[in-house]
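Engineer: One structure is given below, represented as structure tokens, and several questions about it will come after.
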Amino acid sequence: MYYPELSFRELIDLKKSCKCLFPEKQFSELDKKFLGSLNTDLLRLTYRKRIFACHPDRLGMASEFMIQFKTRECQQVNEAYARLKQFVQGRDE
């Protein structure tokens, strides 16, 4: 599926967001076919897994550096989820 309304920069930003939510995927695997197959259920499940794994409240007695690192990672996951969710909802309309 081709998205003519996406510029090259927007496509790269979407790929970066996908890489944040799907770290096991290679960047080359995140093509337009993958973006076309995204749906809200897949995003929601992946988001919940990633947030559960990187949330700073789950660290217990970790160092301050590790808490800051996990907080930033959590923020990146939230931003990626919001961007991809907006893309999927806009595409489906």
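The values are calculated or read from the model by the stated rules, or taken from the named source; none is laboratory data. Keep in mind that this is a model prediction, so the values were computed, not measured. All Cβ positions, glycine included, derive from the backbone under ideal geometry; neighbour counts span all protein chains shown. To get the accessible areas, we keep the full protein, side chains included, count just its heavy atoms, and leave off ligands, DNA and RNA. Shrake-Rupley method; radii C 1.70, N 1.55, O 1.52, S 1.80 Å.
Engineer: Straight-line reach from Lys16: which aspartates and glutamates have a Cα under 19 Å away, not including same-chain ones fewer than 8 places off?
Structural biologist: Lys16 reaches Glu5, Glu24, Glu29, Asp31, Glu73, Glu79.
Engineer: What are the membrane-span-like helices in the chain by this rule: whole DSSP H runs, Cα extent along the axis at least 27 Å, mean Kyte-Doolittle hydropathy at least -0.5? Intermediate results must be reported in sequence, preceding the final value.
Structural biologist: Numbers: long enough: 64-92 (42 Å, -0.88).
None clear 27 Å together with a mean of -0.5.
Engineer: Filter the chymotrypsin sites (Phe, Trp or Tyr not before Pro) in the stretch 1-71 down to the DSSP loop ones having no more than 12 other Cβ atoms within 10 Å, then list what survives.
Structural biologist: Numbers: sites: Tyr2, Phe8, Phe27, Phe34, Tyr47, Phe52, Phe65, Phe69; in loops: Tyr2.
When the chymotrypsin sites (Phe, Trp or Tyr not before Pro) of the stretch 1-71 are filtered for loop state and at most 12 Cβ neighbours within 10 Å, Tyr2 remain.
Engineer: If you don't mind, there's one more thing I want to ask. So how far apart, in nm, are the two label points at Arg91 and Phe34 if each is 7 Å from Cα heading toward Cβ?
Structural biologist: So the two model labels end up 1.2 nm from each other.
Engineer: Separate question: For the chain, what % of the accessible area comes from carbon and sulfur atoms, probe 1.4 Å?
Structural biologist: Working: 3480 of 6450 Å².
For the chain, the apolar C and S fraction of the accessible surface comes to 54 percent.
Engineer: Please give the net charge around Asp31, taking every other residue with its beta carbon less than 11 angstrom from that of Asp31, where Lys and Arg add +1 and Asp and Glu add -1.
Structural biologist: Values: positive: Lys15, Lys25, Lys32, Lys33; negative: Glu29.
It works out to a net charge of +3.
Engineer: For the chain, what does the accessible surface come to per residue with a 1.4 Å probe? Please give it in Å². Don't skip to the answer; put the middle values down first.
Structural biologist: On the way: 6450 Å² over 93 residues.
Using a 1.4 Å probe on heavy atoms only, each residue of the chain averages 69 Å².
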